[in-house]
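Shown next, in structure tokens, is the structure this report addresses.
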Amino acid sequence: MSGRTNKALLWLLCWPLLGGVCVPSLKGGDPRLQDIELPAGFTISIVAEDVTNARAMCWGDKGTLFVGSRSEGVVHALRDTDGDGTVDARTLVAKDLNMPVGVAFKSGSLYVSAVSRILRFDGIEDRLSDPPEAVVVTDAYPAESHHGWKFIAFGPDGKLYVPVGAPCNVCLSEDSIFASITRIEADGSSREIVAHGVRNTVGFDWHPETGELWFTDNGRDMMGDDRPDCELNRLAKAGEHFGYPFCHAPGVPDPEFGDQRNCSEFTPTAAILGPHTAPLGMRFYTGQQFPEKYRNAIFIAQHGSWNRSTPIGYRLMVAFPQPDGTATTEVFAHGWLKGSSAWGRPVDVLVAPDGSLLVSDDAADMIYRISYTGK
């Protein structure tokens, strides 16, 4: 029996089928997972391996897990067809795209971001082995590749939210579309900017009770190891400005542009997430499996620093929104970083139908599952 086959047989995973909660096991899984530290009662297991450059995730209506990528130009479709708890069917439903990081699902169609374009694949779950031709929803977004990859998601208003990162480390663009979050109708029309001064968000979600948009934002580079912090922000009303490039969290004027505007002019940061930690995907926890403490909390994947003397990040954080619009934070899972070397980089998080939490990793090419067993 091969090592890969042996591992597949021993990974008794709990795939998110409708109904029921099971307890995953680490036995036979990647031994590095034994180093992941979680709060008491939680376990981590591997849902799928060899998911090349796994980035943002979304669910299809029929239980397909769609996973975007950045460097590979593909979109993965993962399924458990026999209900045995392992991924036994996988397909590339799109290839040769320009950094198709973002995936979103609506009315039977998969939406995929590809820098300047948003594409739509209709009836995709009935055609996984023979994907339909992509429909171009819009090709009117900037083509700049610097921060050009996009996380996308449909909001409670039925519109598709699409961020546009700054085309640089720090600069003041003449076109207001840069360093913003936009939204469009599902057909690509009626584009509007809902948030300004957002350097590079690669994850956002809506509060389950208030409907307010919360998002992560990656702070600028080249200001030293400890400045500025990356951010968690809350959009209370459309049109707010979050400071970039004039001001960075927490109230740090930019060396080049800070004399043009005062930090007090901008919407304050809800929480700081550490310097250069690269917070990417985030989701409100809407399941019932985790303890009450985590209901409506925000789970955040920190991809990890690339330009810091001592690396930090490479972990999952959890943020607890407060009535005043701020949030408190704590580390939820860590262990992907060992000293100055990291074997994995969390990218996105996604609540599964059974209430567990999926985590994508574009360095280890894996999808993990975090479950609460209470033991």
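For R32, the test of being modelled with pLDDT of 95 or more and either farther than 23 Å from F105 by Cα or not polar (S, T, N, Q) (or both) is failed.
Beta carbons closer than 8 Å, at least 6 apart along the sequence or on distinct chains, never pair a first residue in the range 218-244 that is at pLDDT below 95 with a second that is among the acidic types (D, E).
Any residue that is among the acidic types (D, E) and modelled with pLDDT of 95 or more - is there at least one of those in the range 87-102? Yes, there is a match, as at least one residue in the range 87-102 is among the acidic types (D, E) and modelled with pLDDT of 95 or more.
Per the conditions (1) open to solvent by less than 30 Å² (accessible area, probe 1.4 Å); (2) over 19 Å from C263 (Cα atoms), the sole criterion not satisfied by F242 is (2).
Here K293 meets the list (1) assigned to a loop (DSSP other than H, G, I, E, B); (2) more than 17 Å from the chain's Cα centre (by Cα); (3) closer than 25 Å to Y372 by Cβ almost entirely, failing just condition (1).
Give just the number: which of (1) surrounded by fewer than 16 Cβ atoms within 10 Å (Cβ to Cβ); (2) assigned to a loop (DSSP other than H, G, I, E, B) does S264 not satisfy? For S264, the failing item is (2). For the range 80-88, state whether one or more residues are more than 25 Å from M366 (Cα to Cα), free of Cβ contacts under 8 Å to residues at least 12 places away in the same chain, surrounded by fewer than 20 Cβ atoms within 10 Å (Cβ to Cβ) and touching a strand residue (DSSP E or B) at 6+ places or on another chain (Cβ under 7 Å). No - not one qualifying residue is present in the range 80-88. How many of the residues in the range 201-231 are open to solvent by less than 20 Å² (accessible area, probe 1.4 Å), more than 11 Å from T277 (Cβ to Cβ) and part of a strand (DSSP E or B)? Of the residues in that region, 5 qualify. Taking the residues in the range 316-343 that are assigned to a loop (DSSP other than H, G, I, E, B) and at negative phi as candidates, determine which candidate is surrounded by the fewest Cβ atoms within 10 Å (Cβ to Cβ). Only one residue tops the list, namely P323.
The single condition among (1) assigned to a strand (DSSP E or B); (2) within 17 Å of the chain's Cα centre (by Cα); (3) of a type outside the set (S, T, Y) that G313 does not satisfy is (1). Looking only at residues in the range 357-375 that are in a loop (DSSP other than H, G, I, E, B), modelled with pLDDT of 95 or more and in contact with a Phe, Trp or Tyr (Cβ under 9 Å, 6 or more places away or on another chain), the one that is most open to solvent (accessible area, probe 1.4 Å) is A363. Here L273 meets each of (1) open to solvent by less than 10 Å² (accessible area, probe 1.4 Å); (2) out of contact with any Asp or Glu (no Cβ under 9 Å at 6 or more places or on another chain) with one exception, condition (2). Candidates V170, V137, V112: the one that is part of a loop (DSSP other than H, G, I, E, B) and crowded, with 19+ Cβ neighbours inside 10 Å is V170. Restricting to the range 140-160, and then to whatever is hydrophobic (A, V, I, L, M, F, W, C) and buried (at least 17 other Cβ atoms within 10 Å of the Cβ), can you tell me which residue is nearest to the chain's Cα centre (by Cα)? If we take residues in the range 140-160 being hydrophobic (A, V, I, L, M, F, W, C) and buried (at least 17 other Cβ atoms within 10 Å of the Cβ), then F151 is nearest to the chain's Cα centre (by Cα). The set of residues in the range 96-109 being within 21 Å of the chain's Cα centre (by Cα) and either basic (K, R) or open to solvent by less than 70 Å² (accessible area, probe 1.4 Å) (or both) consists of L97, M99, P100, V101, G102, V103, A104, F105, K106, S109. On the basis of being closer than 29 Å to T81 by Cβ, in contact with a Gly (Cβ under 9 Å, 6 or more places away or on another chain) and of a type outside the set (A, V, I, L, M), does D139 make the cut? Answer is no for this residue. When the range 115-132 is limited to residues that are in contact (Cβ under 8 Å) with a residue 12 or more places away in the chain and in a loop (DSSP other than H, G, I, E, B), the one that is nearest to T201 (Cα to Cα) turns out to be V115. When the residues of the range 37-79 are filtered to those that are part of a loop (DSSP other than H, G, I, E, B) and acidic (D, E), the one that is most open to solvent (accessible area, probe 1.4 Å) is D61. Give me the residue from the range 257-292 that is in contact (Cβ under 8 Å) with a residue 24 or more places away in the chain and among the charged types (D, E, K, R) and, out of that set, nearest to V103 (Cα to Cα). So the residue we want is R283.
The values are calculated or read from the model by the stated rules, or taken from the named source; none is laboratory data. On a predicted model such as this, the values are computed, not experimentally measured, just so you know. FYI the Cβ positions are ideal-geometry reconstructions off the backbone, even for glycines, and counts take in every protein chain you see. All accessible areas refer to the heavy atoms of the entire protein, side chains included, with ligands and DNA or RNA removed. Shrake-Rupley method; radii C 1.70, N 1.55, O 1.52, S 1.80 Å.
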